[in-house]
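*Asks:* Mind having a look at this structure? Questions to follow.
The values are calculated or read from the model by the stated rules, or taken from the named source; none is laboratory data. Here the structure is a predicted model, which means the values were calculated and not measured. Counting neighbours? That spans all protein chains shown, and the Cβs are built from the backbone with ideal geometry, glycine included.
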Amino acid sequence: MKKILNIITVVVVITVLIVLFLKFQNIKKKEILNKALRNFRENDNTMILLILGQSNAANYTEKRYTTDKNIVTFFGNELKQAKDPLPGASGSKGSIWIPFSERIIEESAIERVLIICIAEGSSTVFDWSAKGKYNHKLVNTLQQLQAHKIMPTHILWQQGEQDNALQTKRENYKSSFNEILQTLRRYVIDAPVFLSLTSYNPIAKNRINNEIREAQKQLVQNNNNVYLGPDTDIYSGKEFRYDGIHFSNKAVLNIADNWKETLLNYTQKNQKNSILK
């Protein structure tokens, strides 16, 4: 009996030590993360991107990119040097956002870029709205950023292909996006939101959907601090879509330039409050 009690005591002590060790490791991990994130919170020459949308905003483009510039990703409480596929977004291929970030660093006063990309392939605008299946992902991401005192400086929305296939009506698209905007504004009050003109879908009734495009334009016209992004529909030829719908590397480089120009043009018009000056 005494031998059994001794064994139990040893097991309990070992268990307690393991728990304490893991707790210590978690504390150290949080301290390291907070120290790294402090550079983004306290540096004026930092761009913090929150990216939403569907596959062409996620990891479905033709070529994977890596970078040696000061470009990092944040998702799931992990900060990593940026490389495709970007954590947080669906897909296993490449994305627009490393080429875009490199161009921003090269052509503006920005010294570092933090990418938070949570785009999901085949998602509709409704999927991100209040009752949509990805609303929880958006809210959880915003709450996580808020907990770390990390606020996006720019919010990019690139989506519309799936709504084209479903023939979403203009007013329905606008209503869903306005719900997304309300969610964003509960956490990120000041950051400008940019909407690309995006609808091209080769299997839709109309490959380019003017109903979706008009909805996107009207959302820009009818909301404060919401701006028009690039027109991705102009890249609809075979050389721009390696599988018919997702961006080829040629399209990625063009659209990265277009997003860069969008943000730099915004900067010129809002020089006093911009971090890109």
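Conditions (1) touching a strand residue (DSSP E or B) at 6+ places or on another chain (Cβ under 6 Å); (2) more than 26 Å from Thr267 (Cβ to Cβ); (3) basic (Lys, Arg); (4) not in a loop (DSSP other than H, G, I, E, B), marked per residue:
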residue	(1), (2), (3), (4)
Phe177	no, no, no, yes
Asp190	no, no, no, no
Arg207	no, yes, yes, no
Ile212	no, yes, no, yes
Gln216	yes, no, no, yes
Tyr227	yes, no, no, yes
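*Asks:* Anything in the range 188-224 that is at pLDDT 95 or above and under 20 Å from the mean Cα position of the chain (by Cα)? List them, or say none.
*Replies:* Ala191, Pro192, Val193, Phe194, Leu195, Ser196, Leu197, Thr198, Ser199, Gln216, Leu219, Val220
*Asks:* Taking only pairs six or more apart or across chains, which ones have beta-carbon atoms under 9 Å, a first residue in the range 91-120 that is touching a residue at least 12 places away in the same chain (Cβ under 8 Å) and at positive phi, and a second residue that is hydroxyl-bearing (Ser, Thr, Tyr) and crowded, with 19+ Cβ neighbours inside 10 Å?
*Replies:* Pairs that qualify, where the first residue is touching a residue at least 12 places away in the same chain (Cβ under 8 Å) and at positive phi and the partner is hydroxyl-bearing (Ser, Thr, Tyr) and crowded, with 19+ Cβ neighbours inside 10 Å, are Gly91/Ser55; Gly91/Tyr60; Gly91/Thr61.
*Asks:* For the range 58-65, does any single residue satisfy the condition of being surrounded by fewer than 17 Cβ atoms within 10 Å (Cβ to Cβ), out of contact with any Gly (no Cβ under 9 Å at 6 or more places or on another chain) and in the same structural domain as Leu138 (by TED's automatic domain parsing)?
*Replies:* Taking every residue of the range 58-65 in turn, none turns out to be surrounded by fewer than 17 Cβ atoms within 10 Å (Cβ to Cβ), out of contact with any Gly (no Cβ under 9 Å at 6 or more places or on another chain) and in the same structural domain as Leu138 (by TED's automatic domain parsing).
Results for (1) crowded, with 18+ Cβ neighbours inside 10 Å; (2) of a type in the set (D, E, K, R); (3) touching a residue at least 40 places away in the same chain (Cβ under 8 Å), shown as yes or no for each residue.
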{"site": "Arg185", "(1), (2), (3)": "no, yes, no"}
{"site": "Ser199", "(1), (2), (3)": "yes, no, no"}
{"site": "Val220", "(1), (2), (3)": "no, no, no"}
{"site": "Asp233", "(1), (2), (3)": "yes, yes, no"}
{"site": "Tyr242", "(1), (2), (3)": "yes, no, yes"}
{"site": "Ser248", "(1), (2), (3)": "yes, no, yes"}
{"site": "Ala251", "(1), (2), (3)": "yes, no, yes"}
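*Asks:* Moving to a separate point now. Just checking, which of Leu114, Leu49 is within 21 Å of Leu197 (Cα to Cα), modelled with pLDDT of 95 or more and crowded, with 17+ Cβ neighbours inside 10 Å?
*Replies:* Step by step, each of Leu114, Leu49 is checked, and only Leu49 is within 21 Å of Leu197 (Cα to Cα), modelled with pLDDT of 95 or more and crowded, with 17+ Cβ neighbours inside 10 Å.
*Asks:* What tally of residues in the range 68-89 results from selecting those that are touching a helix residue (DSSP H, G or I) at 6+ places or on another chain (Cβ under 9 Å), outside any strand (DSSP E or B) and crowded, with 18+ Cβ neighbours inside 10 Å?
*Replies:* Summing the residues that are touching a helix residue (DSSP H, G or I) at 6+ places or on another chain (Cβ under 9 Å), outside any strand (DSSP E or B) and crowded, with 18+ Cβ neighbours inside 10 Å in the range 68-89 gives 5.
*Asks:* Still on this model: Look at Asn178 and say whether it is in contact (Cβ under 8 Å) with a residue 12 or more places away in the chain, within 27 Å of Ile116 (Cβ to Cβ) and not aliphatic (A, V, I, L, M).
*Replies:* Criteria met by Asn178.
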